[in-house]
Amino acid sequence: MTTQPELLGEHRCFGGVQRFYKHDSREIGLPMRFSVFLPPQVAQGPVPAVMYLAGLTCNEETFMTKAGAQRVAAKLCLALIAPDTSPRGANVAGEADSWDFGLGAGFYLDATQAPWSQHWRMESYLTAELLPLITGALPVDLSRIGIFGHSMGGHGALTLALRHPGLFKSVSAFAPICAPSQCPWGRKAFGGYLGSDESRWAAHDASALMSQLRHAPYPGGIRIDQGLADKFLAEQLYPELFETACALAAQPLDLHRHAGYDHGYYFIASFMADHLQHHAQQLGAVAG
């Protein structure tokens, strides 16, 4: 049974509170860290929440310190949840050899290949452990959870939303890896975590998952923002493939392309309010 989270730090923020936690994870088999912003409206009862999945090399602090999300979330009556991006402390050989695999690069899936399969279980951790833990310990409504993310985390948001539509009621992404089976980042991660049988990769590829559907899993729409000055756009991201897959499934997609914006957090902060409003509308948040 998962232990209760240990509060590491707490900061007053826009009338709410920003907290940082750690806990012993049964799915990961190691201590894990996460952060939560609770808006002021929690004084009246549980609120909806959006879980943000960060990108390569990031951790549970990155979003809360760089994205400028708390001011808007406080107005929209949204809690914010940010997990770490991979297990820490496993001491697996090779885990820190490269920046795009291993530490800080969990790709939000359950690895099936040794030695990664013992601890790299991010999908089960997030869906079966962390969200129940948070909603059991904090005034967050498990029936109103959205998901979004950036880059590797955008991949995670799209794929977890498509794999768990009953859990996540809204989804959006910033510069997501839309077709990881076809790009260097994804092929490296999938080959290492899932093995060489590429037929198994499609289950964790947002474009492949969407292309298999003939109905819209999110009729309220999926939002994606992509900077056109993003140095990773052509080689790694492939939003046009996800756009095509959504059209085939009649899935409404709001894909916004922005001239001059790159891949970083200045881009994310620029359009954060639009994403949080997207989630607030679909989750039934009541602005305070």
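Structural remarks
- In order along the range 35-46, the Karplus-derived 3J(HN,Hα) couplings, from 6.51 cos²θ - 1.76 cosθ + 1.60 at θ = phi - 60°, round to 10, 9, 9, 10, x, x, 5, 5, 5, 9, x, x Hz, and Gly and Pro are given as x.
- Percent accessible area from carbon and sulfur atoms, the chain, protein chains only, probe 1.4 Å: 52 percent
- Computed from phi, the 3J(HN,Hα) profile of the range 94-104 under the Karplus parametrisation 6.51, -1.76, 1.60 (θ = phi - 60°) reads x, 5, 10, 6, 9, 7, 10, 7, x, 4, x Hz, with x in place of Gly and Pro.
- Label-to-label distance for Ala128 and Glu6 is 2.5 nm, based on points extended 7 Å past Cα in the beta-carbon direction.
- Using a probe of 1.4 angstrom and keeping all protein chains present, the accessible surface of the chain works out to 39 square angstrom per residue.
- The H on the amide N of Gly55, modeled in the peptide plane, is under 5 Å from the matching H of His150, Gly153, each at least 5 residues off or on a different chain.
- For Cys13, residues with placed amide H under 5 Å, excluding near neighbours: Gln18
- Whole-Hz couplings from phi, Karplus 6.51/-1.76/1.60, listed for the range 61-78; x for Gly and Pro: 8, 4, 4, 5, 9, 10, 8, x, 8, 5, 4, 6, 4, 5, 6, 8, 6, 10
- Extending 7 Å from the Cα toward the beta-carbon at both Leu255 and Ala137 defines two label points whose distance is 3.9 nm.
- Label-point gap, in nm, between Lys66 and Asn91 - each point 7 angstrom along Cα→Cβ: 3.0 nm
- The stretch between Glu198 and Thr112, if pulled fully straight at 0.36 nm per residue, gains 29.7 nm over its current Cα-Cα span.
- Of all DSSP-defined beta bridges confined to the chain, some 50% are antiparallel rather than parallel.
- Between the amide H of Tyr261 and those of Leu228, Ala229, distances stay under 5 Å, these residues lying 5 or more places away or on another chain, with hydrogens modeled in the peptide plane.
- Put Arg19, Arg26, Arg187 in order of accessible area, highest first, and with a 1.4 Å probe you get Arg26, Arg187, Arg19.
The values are calculated or read from the model by the stated rules, or taken from the named source; none is laboratory data. Model, not experiment: these values are computed from the prediction. Here the Cβ is made from the backbone with ideal geometry for all residues, glycine too, and neighbour counts use every protein chain on show. Note: accessible area is taken over every heavy atom of the protein model, side chains too, but ligands, DNA and RNA are not part of it. Shrake-Rupley method; radii C 1.70, N 1.55, O 1.52, S 1.80 Å.
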